[in-house]
Amino acid sequence: MPHVQRRMLVRLDASPATLAESARTRLALTDRPDGSLERSDLDGLAATVRVDLEPDDAGTHVTVNAHSALHVPYFGWFFGPVLALHLRRQARYTAAVLTAAAEGRPTLRPLRRSPLVPSTAFSASQIQLVAAAAAIGALAAFGSSLFGQNSDAIAKSFHASDANLGVALAVTRAGVIVALVAASLADRRGRRIVLVASFAGICLANAASAAAPTFVFFTIAQTLTRAFWNAVIVVASIAVIENAPEGARAYASMMLGIAAGAGLALSVILLPVADLGSDGWRLAFAVSGASIILVPMLWRSLPESRRYEVLAERTERRGRFREVFDRKYGRRFALLAVAAFLTNVFSAPSSQLTNRYLIDVHGFSNTGVAVLRAVTNGLPALIGLVIGGRLAETRGRRPVAVIALFSATSLQIVFFLTGGLWLWSASTFAIIAAGSATLAVGTLDAELFPTEVRGTSNALLLVCYLGGSATGLALAGGLSDPLGGIGRSIALCGIAPLVAALLVLPRLPETAHSALDDISPSEV
């Protein structure tokens, strides 16, 4: 991302000396050798504000420059506008404070920070790791979501029934063994190699899916896709949280979530391709398979987690299962495991079978589904992540997780039991709440265990997540006919996460405003 700068010019009826003193006292600017005043590293975007004062006959010409040379690999398209807006606000605020001083008015309140701006500055290496991990997360999310987005077209292409589709979606969760091994290896071999190798696995599995001759072959290939996706999201989450500065761990998780959301959005954008013919869905899987050409570039740009490197230099006692279940961490794991299972009993069928529900029950086309999901899932998901990231840092992970999960589940149940405008409104607000809940719970999953077993503990939690997913998918598919429709059977599964929100999550410890090593100190 190139150097970004914003400039403001104002003329004030005050002397340069008076304005310079105001800049020092009201804005904490310091003098430079060239006579200007400056303050660097104002915030997490490394912004610098410089004020130049030129006297004239009756006052002073003030030039305010706000600039930043922040470089965010892969995501300059996202942070460029954010940074430009932020610098514009900084320049305007600086000019407004100096104007108030010249006119004898009180100091203005501090500039309110945007939720897209971190409260703590990231180092260059921290930015590099988060950006590279997020890029892998985006590509992996695209590849992993294709089955769910194209489930109806795939089922029709292979002449599979609702029950067969539900079983296939459940079977794909059986790849948990592969994911368990891969995520556990992150504690023994490092985050970097596991993350890149798992992404390559997604590409290869989706290439096989694109050429699948039978539904059984396709299901096997997607089992591997799902396994490698789970390894990617677990290890990427761990890596960004381990390397984020204190006070910005939820923010780093938010960035990863936004990237994954972009990958999901791409799968929705390509959904109309399925309308091109009975096998049109294969093109989207082929695109995912072709992304393997990016693996060398991603490998070069992804550094190893510094926290992991320090641990690896100190000890080889890493990834021990028994530490996850010991007296210090065992209760945490039990609570998170129950919450993971119950939450996914509903979230899996809700996400995987929504398209089929819209097509079969409400008569949507694939293009119509793409429009609804783009409108109700795209920007709302981003809003949910931003809100969740801000509140999780300021208000705490636990209250955000409880309130957001309960709200998201209730709204999504309404979605599956109604029609008309409720489909649009309930889905929109459910996605906002779900984004906040996912971020808060995901951050807790990584924070509540020490570095030496962070991958192993999250791999075991993954088993619980996928156990809940398989249970929910099997229930939703199996109860579709007895309950009179797929919508009612999915809604019934919503009871499980309501229990998790009300009875399980409130028992977890709070981690906000604490150092990571204080929350989960190493035992080796």
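The values are calculated or read from the model by the stated rules, or taken from the named source; none is laboratory data. Keep in mind that what you see is a predicted model, and the values were worked out from it rather than measured. When we count neighbours, we look across all protein chains shown, and the Cβ atoms used for this are built from the backbone with ideal geometry, even at glycine.
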ask   = Exactly one of (1) modelled with pLDDT of 80 or more; (2) within 15 Å of T219 (Cβ to Cβ); (3) out of contact with any Phe, Trp or Tyr (no Cβ under 6 Å at 6 or more places or on another chain); (4) among the hydrophobic types (A, V, I, L, M, F, W, C) is unmet by A168. Its number?
value = (1)
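With more than 30 Å from T315 (Cβ to Cβ), of a type outside the set (S, T, N, Q), within 21 Å of the chain's Cα centre (by Cα) and crowded, with 23+ Cβ neighbours inside 10 Å as the only criterion, which of L195, L165, L146 stands out? Lay out the reasoning, then the answer.
Numbers: L195 fails: more than 30 Å from T315 (Cβ to Cβ); L165 fails: within 21 Å of the chain's Cα centre (by Cα).
Going through L195, L165, L146 in turn, the sole match is L146.
Listed here are the residues, each with its yes/no results for (1) in a helix (DSSP H, G or I); (2) touching a helix residue (DSSP H, G or I) at 6+ places or on another chain (Cβ under 6 Å); (3) over 30 Å from A138 (Cβ atoms).
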| site | (1), (2), (3) |
| --- | --- |
| R50 | no, no, yes |
| H61 | no, no, yes |
| A66 | no, yes, no |
| H86 | yes, no, no |
| A91 | yes, no, yes |
| A101 | yes, yes, yes |
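For segment 131-145, check the following and say yes or no: at least one residue is within 20 Å of T223 (Cβ to Cβ), in a loop (DSSP other than H, G, I, E, B), out of contact with any strand residue (DSSP E or B) (no Cβ under 6 Å at 6 or more places or on another chain) and outside the structural domain of H61 (by TED's automatic domain parsing). Give the steps one after another, and end with the answer.
First, pick out the residues of segment 131-145 that are within 20 Å of T223 (Cβ to Cβ): 139-145.
Now restrict to residues that are in a loop (DSSP other than H, G, I, E, B): none.
No, segment 131-145 contains no residue that is within 20 Å of T223 (Cβ to Cβ), in a loop (DSSP other than H, G, I, E, B), out of contact with any strand residue (DSSP E or B) (no Cβ under 6 Å at 6 or more places or on another chain) and outside the structural domain of H61 (by TED's automatic domain parsing).
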message = Condition check: under 27 Å from H362 (Cβ atoms), over 23 Å from the mean Cα position of the chain (by Cα) and touching a residue at least 40 places away in the same chain (Cβ under 8 Å). Does L475 satisfy that?
response = yes
inquiry  = Residues that are closer than 21 Å to A259 by Cβ and at pLDDT below 90: does segment 400-407 have at least one?
reply    = no
note = Taking segment 303-318 and keeping residues closer than 22 Å to I127 by Cβ, at pLDDT below 90 and among the acidic types (D, E) leaves E309
note = Result of the Cβ filter at 8 Å on segment 158-182, keeping first residues that are over 19 Å from G455 (Cα atoms) and outside the structural domain of A459 (by TED's automatic domain parsing) and partners that are of a type in the set (K, R) and surrounded by fewer than 19 Cβ atoms within 10 Å (Cβ to Cβ), at least 6 apart or interchain, is none
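Quick check on segment 1-21: of everything there that is part of a loop (DSSP other than H, G, I, E, B) and surrounded by 13 or more Cβ atoms within 10 Å (Cβ to Cβ), which residue is modelled with the lowest pLDDT? Steps first, answer last, please.
So in segment 1-21, the residues part of a loop (DSSP other than H, G, I, E, B) come out as 1-3, 13-15.
Cutting the leftovers down to surrounded by 13 or more Cβ atoms within 10 Å (Cβ to Cβ) gives us 1, 14-15.
Numbers: M1: 46, A14: 89, S15: 90.
Among those residues, the one meeting the criterion is M1.
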request  = Tally the residues that are more than 23 Å from the chain's Cα centre (by Cα), in a loop (DSSP other than H, G, I, E, B) and exposed (fewer than 13 other Cβ atoms within 10 Å of the Cβ), restricting the search to segment 515-524.
outcome  = 1
request  = Please determine, by comparing only the residues of segment 293-324 that are surrounded by 14 or more Cβ atoms within 10 Å (Cβ to Cβ) and aromatic (F, W, Y), which one is farthest from G467 (Cα to Cα).
outcome  = W299
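Residue by residue, here is whether (1) under 21 Å from M255 (Cβ atoms); (2) at pLDDT 90 or above; (3) aromatic (F, W, Y); (4) surrounded by fewer than 21 Cβ atoms within 10 Å (Cβ to Cβ) holds:
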| residue | (1), (2), (3), (4) |
| --- | --- |
| I431 | yes, yes, no, no |
| V453 | no, no, no, no |
| L473 | no, no, no, no |
| G477 | no, no, no, no |
| P497 | no, yes, no, no |
| L505 | no, yes, no, no |
| E510 | no, yes, no, yes |
| H513 | yes, no, no, yes |
message = Looking for something in contact with an Asp or Glu (Cβ under 7 Å, 6 or more places away or on another chain), among the basic types (K, R), in a strand (DSSP E or B) and free of Cβ contacts under 8 Å to residues at least 60 places away in the same chain - is there at least one such residue anywhere in segment 29-41?
response = no
key: Residue identified as without any contact (Cβ under 8 Å) to a residue 12 or more places away in the chain, of a type in the set (K, R) and in the same structural domain as A426 (by TED's automatic domain parsing) among R322, R332, R390, R373   = R322
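Collect the residues in segment 146-159 that are among the polar types (S, T, N, Q) and assigned to a helix (DSSP H, G or I), keeping them in residue-number order. Steps first, please.
Start the filter on segment 146-159 by keeping residues that are among the polar types (S, T, N, Q), which leaves 149-151, 157.
Of everything in segment 146-159, those that are among the polar types (S, T, N, Q) and assigned to a helix (DSSP H, G or I) turn out to be Q149, S151, S157.
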